[in-house]
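Worksheet: the structure to be examined is printed underneath.
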Amino acid sequence: MKTIVTILHFVDELNDWIGKILSFGALAMFLLVMKEVIGRYFFNHPTVWGNELTQLIFGVYIVLSGGYVMRWEGHVNVDIIYARFFRRTKAIVDIVTSVLFFLFCGMMIVYGGSLAWESLAGLEHSHSAWDPPIYPVKLMIPLGAMLLLIQGMAKLIRDITAAVTGKEIDVIAGETTEGNVI
C-alpha cells in the first residue's frame, strides 16, 4: 500500500507543480493583452505578434492544465443526482464511467501524438505575418493527455479503494482513512 500511496503522491505533486507553473501563463496572457490594448488604442501601434502569442500560450495553458484540474476536481460535472450520492456510490459511478475517460485520453494521445509528430517532422510554422513555429505547441497535446491520463489513473485507484474498502486513501498520511464513504 505504501508504494501505491507514494505513486499517487508523485502524480498529485507533478500535476500541482505543472499547475503552479501554468498559472504564470495566465499572467503572461494578461500582460500581453494589456500591452496590445494599450499599444493599439492609445498609441495606434499594434504588434503583429501579440495576439497570436497570446493564443499559443492559451493553447498550452489549456492542454497542460487538464491533470491539475482533475486533481482538484475542477472539471465540469452534471451532478444534480451525483452530488447526493455517498462517496462509495460516487466511486462506483466514477469507475463505470472511467471507461469513457480512458477512451478520450487514448484518443488524445494517439491522434494528438500523430498531429504533433507531423508538425514536428515538417517543422510547422503558422502562416501569419509573424510566422512562429507551431510544433512546440502541438507537442504539448500528447504531453497534456498523458498528464491527464496519469491523474485519471490515480483517481481510478482512489475510487476502487473507496468502492471496495469503504475507505479513502490519504496521500499525505500514507494510509487509508475512514470517511463519509458509505
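Things worth noting here:
- Cα→Cβ-extended label distance, 7 Å offset, between residue 23 and residue 114, nm: 3.8 nm
- Using a probe of 1.4 Å on the protein chains alone, the accessible area found for residue 35 is around 90 Å².
- Span from the the range 18-43 Cα centroid across to the the range 83-101 one, whole angstrom: 38 Å
- Remark on the range 1-62: ratio of C-alpha radius of gyration to 2.2 N^0.38 Å is 1.72.
- Gain on full extension, evaluated as 0.36 nm per residue between residue 130 and residue 165 minus their Cα-Cα distance, stands at 6.9 nm.
- Top positive-direction residue, dipole computed over the range 28-113 with Cβ charges, set 108, 81, 46: 81
- GNM flexibility winner over the chain from 58, 101, 30 (Cα, springs under 10 Å): 30
- Straight-line cross-link reach from residue 2 at under 25 Å between alpha-carbon atoms covers these lysines, not counting any fewer than eight positions away in the same chain: 90, 155, 167.
- Semi-axis lengths, Å, the range 28-75, gyration tensor of Cα atoms, sqrt of 5 times eigenvalues: 30, 10, 5
- Residues whose amide H comes within less than 5 Å of that of residue 125, counting only those at least five positions distant or on another chain, are 134 (H built at 1.01 Å from N in the peptide plane).
- The range 112-127 residues near the modelled residue 49 label - backbone nitrogen below 14 Å, point 7 Å along Cα→Cβ: 126
- Descending Cα extents along the principal axes, the range 16-101, whole Å: 59, 26, 20
- Element breakdown for the chain at a 1.4 angstrom probe: carbon and sulfur atoms account for 70% of the accessible area.
The values are calculated or read from the model by the stated rules, or taken from the named source; none is laboratory data. Quantities reported herein were computed from a predicted structural model and do not represent experimental measurements. Here Cβ is always computed from backbone atoms with ideal geometry, including for glycine, and neighbour counts include all displayed protein chains. Each accessible area value is taken on the protein alone, full model and side chains, heavy atoms only, with ligands, DNA and RNA left out. Shrake-Rupley method; radii C 1.70, N 1.55, O 1.52, S 1.80 Å.
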